[in-house]
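See structure below.
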């Protein structure tokens, strides 16, 4: 009996996501991957790096590579505005990496039930999405962080 | 006195003195008449003796004292220095080093008293240094009997120690008197450490026990106790007819008494004690389970007459007090200038903090502009602080290579091959962790050179070489690497033999072997358990050599290569990366981006008119002082748009990669800067860029990998 109840709780446990805007869409990033969110600072180009890496920034004395999600997802090139932010992600190996987003909207709690697997028609080959979350009427694409970080060129 | 807190300093300084002794004794062997060296040695030996004495390491003190005697005689020209004496001195040094190791491991100097060595020293003095040398060279490691009996004496002494009250000095007269008493109890009172009026407490204790009987003996003396001339414990013997327990109860009613040890004693115990007194066993404060004291009371040695702490129980006596904590602390000696720089940055940090604090306290509203400036300032300081701390971690490799001349000298004797070690670049700096692990591989390579590399004197003479072989160790920085070359002018690697051996071991077929390049053959030497030695010596030849060297160096992120010329010798080149390192770099500008080029790979910088560009195989080159140097357009390489320029000269940074040169064209020179190399994280596998660095203003500059560019 009590076992059953426990199971229920685990099922309903919610994960928190940072909702960001890139282009016209809203995306969710699992908060457990996030180290920090910083304002845009000077990005230094790294020659010969893959195009979707815009370069590196100085984050408190550490050199952190920064990726353009727009370039990664073959969208229009970044427009840097006042609301642009760099989200610093923690990598498995212990390093850090930044991704540029247009805007950070809010923190959202979603349970497993609120997230649908992307349908096969939506899920193209170069997808970095592993689900679509529903927040009222709004749809939020949940990023699969490992595939963003992964070096394999989107093909 | 409790000296355990000085143990770290002792260990550190002793290693320093041992090293300086070793260096100077080597020097002395070369120039036996150099009085400066003798004086230096004398000073080091004297300091060693003093320190050992202070720490209560009696055996170590004894040995150094006798060494000092010898040096004294040398200084006064009463004894001549010869190689036999040097041999003895080195053995003494080894013995001292053993003491030090034991101290490091157990906080105690151990039982080895090196009687044999001391005897050797004294014999040498007695014999005026004439003969005795031949025998002196015989292994002095046979103090078996002396050492062991010494150890046992110590053991029995230990077992007799017990609580402090058993060590009360009792003169024979009193002893006789004690025998007349009915029943005697020994007491040791430990007073609480924060007690202010120790004498008063002691007085109360005495007052309490005197209700039961008469105090026969004190330790320290009653006068000293009244004058507070004792640490936190004192002992006495009480003659009484009462039971023990009520007395202890009475003592415990006195406040600030931490614990009481007490038991029956007999006058005979003190008689025996009397006999052993001349051989006091110095032991550092050891937390020993005292019979009644519930918490293990730290027991500082009580009185000068009885300088020992409560020793382990009788049974533990033989095993040399096992419970002592090993001293594992690792210390580092830092150049005072580096520390000063660190200190300066810390003071700047405090200033920055204060200015932030005053702003927040002031108007209540903070001007975001100033706040920003302050934060940037703070950031800069912390970055500098980080750099400085890294710099503190950098130590010269001297600390590991300094022992090698001595080692080669020993091998010279052992192998009967005259040779000497020439070292350069001992001041090359590497991160502490790397330096620590460098010792073994280097030692191995040197032994290898001594054993396999250098030929016998006869062979050398036949080959027209000087009889004395030369082994060299050169360290220097090249770009982002530290290179350490270890080699010899010996016979070189006989590749034919290595190939035969490889075939014999079934590693390659004879047909394949024919086509192997020299490099491939030499690589066999790095295979596990591949030994070329015809016979196994204790120096090398067990086949657990070069492969271990290779894996050790690779674990540090480096690599090993070999160059060998038959008849002329071989050189092992160890290349270690400077990952944590700080390098000197030239900052250059290309368009609006800044790049760093490691100063070590730069030959020179030239301003060259464009008209001097010549073409070889349709590639741009310049002809400079007799050398043809290919030009590298860095802007093209880094994907910049070609520059429309009107200038008719260009700035060329001429760099070298091994023996090849290349001229890198840059837009502007900024200047020389000391930079900290940072990893690029995910982007680290970049071909042109070896890392990045953060400049003083927080901006990032890429570090150009010259080896990839040229």
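Derivation of every value follows stated rules applied to the coordinates shown; laboratory data play no part. These figures come from a predicted structure and were not determined experimentally. Ideal geometry is used to build each Cβ from the backbone, glycine not excepted, and the neighbour counts take in all protein chains shown.
Miscellaneous remarks
- Sequence of B:257, B:118 once ranked by neighbouring C-beta atoms within 10 Å, starting from the fewest: B:257, B:118
- Counts of other chain beta carbons within 10 angstrom of each beta carbon in peptide B:691-702 average 4.
- Descending by average beta-carbon neighbour count within 10 Å, the peptides B:7-17, B:486-496 line up as B:486-496, B:7-17, the highest first.
- Cα gyration tensor shape for segment B:62-107, rounded if a/c is under 1.5, else prolate or oblate: oblate
- FRET efficiency estimate (nearest 0.05) - Cβ-Cβ, residue A:51 to residue B:649, R0 41 angstrom: 0.75
- Separation of alpha-carbon centers, segment B:39-118 and segment B:636-673, rounded to whole Å: 60
- Relative contact order (%) - criterion: Cα under 8 Å, at least six apart; region: segment B:39-111: 27
- Shape call, segment B:414-518: gyration tensor on alpha carbons, a/c limit 1.5: oblate
- Extended-chain gain in nm, criterion 0.36 nm per residue less alpha-carbon gap, residue A:35 and residue A:60: 7.7 nm
- Theoretical FRET efficiency, 1/(1+(r/R0)^6), r = Cβ-Cβ of residue A:109 and residue B:382, R0 41 Å, to 0.05: 0.70
- Arranged from fewest to most other beta-carbon atoms within 10 Å of their beta carbon, B:655, B:92 become B:92, B:655.
- Rounded to 0.05, the FRET efficiency of the residue B:194 and residue B:266 pair, given R0 = 30 Å and the Cβ-Cβ distance, is 0.25.
- Mean Cβ count within 10 Å, highest first, over the residues of peptides A:21-30, A:132-141: A:21-30, A:132-141
- Computed over segment B:568-638: relative contact order in percent, which uses C-alpha pairs under 8 Å that are six or more apart: 16
- Per-residue Cβ neighbour counts within 10 Å put B:614, B:417 in the sequence B:614, B:417, beginning with the fewest.
- Segment B:436-492 - percent relative contact order, Cα under 8 Å, separation 6 or more: 37
- Partner chain coverage, peptide A:36-45 - average Cβ within 10 angstrom: 2
- Three-way shape label, segment B:28-135, alpha-carbon gyration tensor, a/c 1.5: prolate
- Averaged over A:61-68, number of beta-carbon atoms from partner chains that fall within 10 Å: 6
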